[in-house]
Amino acid sequence: MSSESTANRILSVLEEDAKASYAEIAERADVSKPTVRKYIDQLEEDGVIIGYSADVDPKKLASKSIALVGLDVESDEYVEATREIKELEEVESLYSSSGDHMLMAEVRAADGDDLADIISDKLVEIEGVTAAHPSFLQERLK
């Protein structure tokens, strides 16, 4: 088997279960524990693995609402606006997008009113942000 297929098998296990132990990954990827450790260290060093996270079902999250907010940004302000958005504690993750909006932000808020305040008082106040389009996440389906 090629080293690429080994890396892909290890990544597949991690994508399914980021909490899997090296022993579990080794068993499921059909490699040894030292091989798992070597590949994970290399994948982290190469920036392929950039972090580990928990997937959250927004419906079961007490006292928090999660929304994806599409953000439109002026091209000449994009870099600085992106830096400022990344610094907001309410922004859990931020993605560049080739879709309807230049950026997609995962925003956590206490409720709809709090989200509206975050959008109006923080996001659209950032120089270059021209519009924000929120969509509340309701139920995790997969």
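Give me the residue from region 44-53 that is open to solvent by less than 80 Å² (accessible area, probe 1.4 Å) and within 30 Å of Gln138 (Cα to Cα) and, out of that set, modelled with the lowest pLDDT. Ranking the candidates gives Gly51 first.
The one condition from (1) modelled with pLDDT under 95; (2) over 18 Å from the mean Cα position of the chain (by Cα); (3) of a type outside the set (Phe, Trp, Tyr) that Lys122 does not meet is (1).
The single residue among Ile119, Ile126 that is among the β-branched types (Val, Ile, Thr) and part of a loop (DSSP other than H, G, I, E, B) turns out to be Ile126. Scanning region 54-68 finds one or more residues that are open to solvent by 40 Å² or more (accessible area, probe 1.4 Å), in a strand (DSSP E or B) and of a type outside the set (Phe, Trp, Tyr). The residues of region 9-43 that are closer than 24 Å to Tyr95 by Cβ and open to solvent by 80 Å² or more (accessible area, probe 1.4 Å), listed by number, are Glu15, Glu16, Lys19. If only residues of region 125-142 that are open to solvent by 50 Å² or more (accessible area, probe 1.4 Å) and not charged (D, E, K, R) are counted, the one that is modelled with the lowest pLDDT is Leu141. Which one of Glu106, Glu84, Glu77 is at pLDDT 90 or above, open to solvent by less than 50 Å² (accessible area, probe 1.4 Å) and assigned to a helix (DSSP H, G or I)? So the residue among Glu106, Glu84, Glu77 that is at pLDDT 90 or above, open to solvent by less than 50 Å² (accessible area, probe 1.4 Å) and assigned to a helix (DSSP H, G or I) is Glu77.
The values are calculated or read from the model by the stated rules, or taken from the named source; none is laboratory data. The structure presented is a predicted model; accordingly, all values stated were derived computationally and were not measured. So basically every Cβ, Gly included, is an ideal-geometry build from the backbone, and we count neighbours across all protein chains shown. We work out accessible area using only protein heavy atoms, side chains counted, and drop any ligands, DNA or RNA first. Shrake-Rupley method; radii C 1.70, N 1.55, O 1.52, S 1.80 Å.
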